[in-house]
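Below is one structure, written out as structure tokens; comments come after it.
Read the figures in this text as sums done on the coordinates, not as results from a lab. All figures in this text were calculated on a predicted structure; none of them were measured in a lab. We place every Cβ from the backbone using ideal geometry, glycine too, and count neighbours over all the protein chains shown.
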Amino acid sequence: MNYDTRTLIIDIETAAERFDTLDELTQKEVLKTVKTDPKDTEVYEAEIEKTMALSPLLGSIITLGVYDVEKNIAKVYFNPGEHTGKTIEEFKEGNSTFTPMEERAMLERFWAGVRNYSHIVTFNGRGFDIPYIMVRSGVREVQPSIDLMGQRYLSTRQSPPHHIDLLDQLRFYNAAFYRCSLHLAARAFGIASPKADEISGEQITKLFYAGKHEDIARYNARDLISTAKLYEYWHHYINFVV
């Protein structure tokens, strides 16, 4: 793809804190939002994990992936999981580099690099990834370098950076009524879905505590590639603005 801009795809994966380590009041706050029948233990526990992982107040970023569209290079920073007691080294696969580091270091590396791009691309980034990154940056005392939540409605009058949330674009800022997920969009455009593999987002917390850190990082990389391909379709066939 040949653009006159610098384009960065962003995606994160998150995991919940361990529920049994929370204080009693916090546990009660979490359980207020869980609607599953407690008698169905497996489903109930999975819902608790999902609820916590989706909140930057109860979870953390365990992989933060970025993909430079023009250079065709992906970098995935992932939590090596000290709870497992094993040592994980940086590794490369294809055009992707996977680097183990703690959450604070991920965020510092992210904010140092993202300010160099004119176009930031996510899928549901305004609803999830970017707010999560912002809050976790505050928790880890890391200063954001640019505002990625402003200028939601794309316009030729905007100044960079442009944050292009493909969920916003494919649903036309919620004007369209149909459901849209990355899997459904990828399927429609003939893109290999990262959700069609053995890993899904709802399994991430369990996989993290089971020591499957490299597998989660690879899953994150697949999300980046699928989002990049979806962006290519949007940019060439649907985009009228940037």
If we count chymotrypsin sites (Phe, Trp or Tyr not before Pro) as exposed when they sit in a DSSP loop and have at most 13 other beta carbons within 10 Å, what is the longest stretch of the chain that avoids them all?
-> 4-152
Given the C-alpha centroids of the range 17-55 and the range 140-163, what is the distance between them in whole angstrom?
-> 33 Å
Taking Cα atoms, how many degrees apart are the long axis of helix 103-114 and the longest axis of the chain, rounded to 10 and kept between 0 and 90?
-> 10 degrees
Over the chain, what is the relative contact order in whole percent, taking alpha-carbon pairs under 8 Å and six or more residues apart?
-> 25 percent
Rounded to a whole number, the Stokes-Einstein D of the range 15-129 in µm²/s (Kirkwood radius over Cα pairs; 37 °C; 0.692 mPa s) is 198 µm²/s
Mind jotting down a quarter of the surface of the convex hull over the alpha carbons of the chain, in square nanometres, one decimal?
-> 14.2 nm²
Ratio of Rg to Rh over the range 61-163 (Cα coordinates, Kirkwood Rh, two decimals) = 0.99
Taking the Cα atoms only, what angle lies between the long axis of helix 130-139 and the longest principal axis of the chain, rounded to 10 degrees?
-> 50 degrees
Which residue fluctuates the most in the chain, going by a Gaussian network model with Cα springs under 10 Å, if the choices are Arg157, Arg136, Arg171?
-> Arg157
Ordered by number, the trypsin sites (Lys or Arg not before Pro) in the range 1-107 that occupy a DSSP loop and have at most 16 other Cβ atoms within 10 Å are Arg6, Arg18, Lys32, Lys35, Lys39, Lys71, Lys86
Just list whichever of Lys32/Lys195; Lys75/Lys229; Lys206/Lys229; Lys35/Lys229; Lys39/Lys206; Lys28/Lys50 have alpha carbons separated by over 25 Å in the model shown.
-> Lys32/Lys195; Lys206/Lys229; Lys35/Lys229
Considering the alpha-carbon set of the range 163-242 alone, what are its Rg and its Dmax in angstrom?
-> 14.4, 45
With a sphere of radius 13 Å drawn around the Cβ of Ser181, what net charge do the other residues whose Cβ falls strictly inside it have (Lys, Arg +1; Asp, Glu -1)?
-> +2
Average silhouette area of the range 151-210, convex hull of alpha-carbon atoms, in square nanometres | 6.3 nm²
